[in-house]
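Here the structure comes first, spelled out in structure tokens, and everything after it is commentary.
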Amino acid sequence: MNPTMISDEEKRGPVDPPETQVVGVRSPAPVVPPRPGAVLHGDTVPALTVRNLAVYFGKNKVLKDVSFEVQARAVTAIIGPSGCGKSTFLRSLNRMHELVPEARIEGEIRLGGQDIYGPGVDPVIVRRRVGMVFQKSNPFPTMSIADNVTVGLRLNGIRTRSVLAERTEQSLRMAALWDEVKHRLHAPAMSLSGGQQQRLCIARALAVRPEVLLMDEPASALDPLATSKIESLILELKKDYTIVIVTHNMQQAARVSDYTAFFYLGELVEFGLTSSIFTSPTQKRTEDYVTGRFG
Amino acid sequence: MSKMNATNHRWRKAKNALMQTLTLGCALLAIAPLVLVFYHLAKSGVGAVNWDFFTKLPRPVGEAGGGMANAIVGSFVLLGLAALIGVPVGVLGGVFLSEYGSSKLNWWIRFAADVLNGVPSIIWGIVVYALVVVPMKGFSTWAGGIVLGMMMIPLIMRTTEEVLQLVPVGFREAALALGIAQWRAIIQIIMRTALKGVVTGVLLALARVAGETAPLLFTAFGNRFWNHSLSNPIAALPLQIFTYAISPYDDWHRQAWAGALVLLLIITVIDVSVRVLTRDRFRKTA
């Protein structure tokens, strides 16, 4: 992507401010125009296949019998009220939920055909293929901007300077941060603004070239302008990446995603094209949630 | 009614003032010894602190002059040996407590470390006497370094654990989510973030054992001459101060004061560098 394209994306931001879309979710004009070819179970390829997934923390069953396919090179939004299990679901996709003691899963998750919970599968390798961006931006405070981008490579043994430099520029460009930081790559990461720090975290996740990028409410701590930058970025990134995003913000889900999964009380209530979830949901609970009647 | 409230108010203010004075008094009482110690040591010790004190060996009884050069060097040798033992074991133990293990096991380890931190230092000396001095058939520098190192381990372990716990969970998650192996993430990201805190803990532990006398009585033993082998006894400032202070000679008393002053200054330098380190850390995160 080139800089002019990024600024085009940014210019587009204010044209549809989030406020005007609050009532627009049920308007006849779909918020996300259905793209040709984006048909469920059509010619698209599933990047992740989730089958009968249940997640337990100790005796507490927080996810029940979740099955659906995450499409490659598309954005899948996970929505639902607090405590519905959406973050747990996201974390089970790269085995991050295992950091909680006594966490265990049933069912299977296939990443490009391989069961990521299969015997002998190293979670470290899974996480290299499935990257993650967190709600609170967390660049490493002891490192410079450039070192933050390349940390995943350096700590996995890549030391060649030219490779690291090339990957730094590439990742920062993909994260739409290059133009803002190219003259101060060796400044501390903490000198960036909140929105820049979050884009730095995205660049850091992209630098190891994952197949899937998980985003856990990546813009919920950011102001509207920084949020719109992240959203344009997501739309850019889906050309190359499979993205799963958890969001509390339904307008955001409507703006950035192609598919939406609605979770409620640990169950997957409905999954489908974002345009149909927001305009003609088949389940009463989905309709109540997306129209703001609860949640 | 309003009159009663006014009286209440005055009484309440008086009680408040009383409480404030009482706590201030106690706080002043707590730091008074520091001022007294510094004043007294400076007054009695500064006269005997001269070039000879830092460069000469002790003179035989009855001869004036001489210094504590061997004891000053000996103290640093002992601290170096202690650090070689105490720092790696203590830091890695702290890493285990903070990053690995189960909550039940860690509870017991933490409890044991806290008990060890409360063990009187003379008991440490007796333990190392039995474990090292008896089998080696003699007092030695090794034994002195080992006892100080063992005392440092639980101190460093607990401070390391505490500062690692201050590193936000988000950094651990970010590192693991990049597909970085846990041990690498701990060494190169978590430890690096908490480095100043870890160093602070190490320095505090060094300052703490630098002044220990009792455990050295049974281990390093003291030496009136230069030490040439780690298998031989070695002099140390606290030991020399002890020996000189209980002697009947005025000259030795003066040197004991000087030794105490120097020891206190060494420990103060360590403590001040800790302050500088930690102040820097808080300024950066703020």
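Answer yes if at least one residue in the stretch A:96-111 is among the acidic types (Asp, Glu) and either on the phi > 0 side of the Ramachandran plot or in contact with a Pro (Cβ under 6 Å, 6 or more places away or on another chain) (or both), and no otherwise. So far as the stretch A:96-111 goes, yes, one or more of its residues are among the acidic types (Asp, Glu) and either on the phi > 0 side of the Ramachandran plot or in contact with a Pro (Cβ under 6 Å, 6 or more places away or on another chain) (or both). Would you be able to say whether some residue in the stretch A:215-238 is more than 25 Å from A:Gln71 (Cα to Cα), within 12 Å of another protein chain (Cβ to nearest Cβ) and of a type in the set (A, V, I, L, M)? Yes: one or more hits.
Residues that are farther than 24 Å from B:Asn223 by Cβ and small (Gly, Ala, Ser) were ranked within the stretch B:41-60; the one that is farthest from the chain's Cα centre (by Cα) is B:Gly47. A search for C-beta distances below 7 Å between a residue of the stretch B:263-282 that is modelled with pLDDT of 90 or more and any residue that is not in a helix (DSSP H, G or I), counting only pairs 6+ apart in sequence or on different chains, returns B:Leu263/B:Gly211; B:Ile267/B:Gly211. Which of the residues that make up the stretch A:123-138 are assigned to a loop (DSSP other than H, G, I, E, B), within 8 Å of chain B (Cβ to nearest Cβ) and surrounded by 19 or more Cβ atoms within 10 Å (Cβ to Cβ)? Residues satisfying the conditions are A:Phe134, A:Asn138.
Condition test on B:Thr159, is it more than 14 Å from chain A (Cβ to nearest Cβ), hydroxyl-bearing (Ser, Thr, Tyr) and in contact with a Gly (Cβ under 6 Å, 6 or more places away or on another chain)? Judged against the criteria, B:Thr159 is a match.
Elements of the type helices (runs of 4 or more DSSP H) sitting completely within the stretch A:163-271 and holding at least 1 residues that are under 13 Å from A:Asn148 (Cα atoms), touching a residue at least 24 places away in the same chain (Cβ under 8 Å) and out of contact with any Phe, Trp or Tyr (no Cβ under 7 Å at 6 or more places or on another chain): these cover A:178-181, A:194-207.
For the stretch A:60-89, name all the residues that are assigned to a helix (DSSP H, G or I) and among the charged types (D, E, K, R). The one that is assigned to a helix (DSSP H, G or I) and among the charged types (D, E, K, R): A:Lys86. Scanning the stretch A:139-155 for residues that are in a loop (DSSP other than H, G, I, E, B) and either touching an Asp or Glu at 6+ places or on another chain (Cβ under 6 Å) or facing chain B (nearest Cβ under 7 Å) (or both) returns A:Phe140, A:Pro141, A:Thr142, A:Leu155.
Kindly provide the set of residues from the stretch B:84-140 that are over 24 Å from B:Gly211 (Cα atoms) and acidic (Asp, Glu), ordered by number. Across the stretch B:84-140, the qualifying residue is only B:Glu99.
Here the stretch A:90-122 is the region considered, the condition is being more than 8 Å from chain B (Cβ to nearest Cβ) and in a helix (DSSP H, G or I), and the residue that is surrounded by the most Cβ atoms within 10 Å (Cβ to Cβ) is A:Ser92.
Scanning the stretch A:49-77 for residues that are surrounded by 19 or more Cβ atoms within 10 Å (Cβ to Cβ), over 23 Å from A:Arg209 (Cα atoms) and in contact (Cβ under 8 Å) with a residue 60 or more places away in the chain gives A:Val62, A:Leu63, A:Val66, A:Phe68.
Hey, can you tell me all the residues within the stretch A:83-105 that are modelled with pLDDT of 90 or more and small (Gly, Ala, Ser)? Matches in the stretch A:83-105: A:Gly85, A:Ser87, A:Ser92, A:Ala103. Of the residues B:Val209, B:Val163, B:Val128, the single one that is closer than 21 Å to B:Val262 by Cβ, surrounded by 20 or more Cβ atoms within 10 Å (Cβ to Cβ) and among the hydrophobic types (A, V, I, L, M, F, W, C) is B:Val209. Scanning the stretch B:169-200 for residues being in a loop (DSSP other than H, G, I, E, B) and more than 7 Å from every other protein chain (Cβ to nearest Cβ) gives a total of 1. Only one entry in A:Leu164, A:Leu214 is at pLDDT 95 or above and touching a Ser or Thr at 6+ places or on another chain (Cβ under 7 Å), namely A:Leu164.
The values are calculated or read from the model by the stated rules, or taken from the named source; none is laboratory data. Quick caveat, the model's predicted, so the values are computed rather than measured. All Cβ positions, glycine included, derive from the backbone under ideal geometry; neighbour counts span all protein chains shown.
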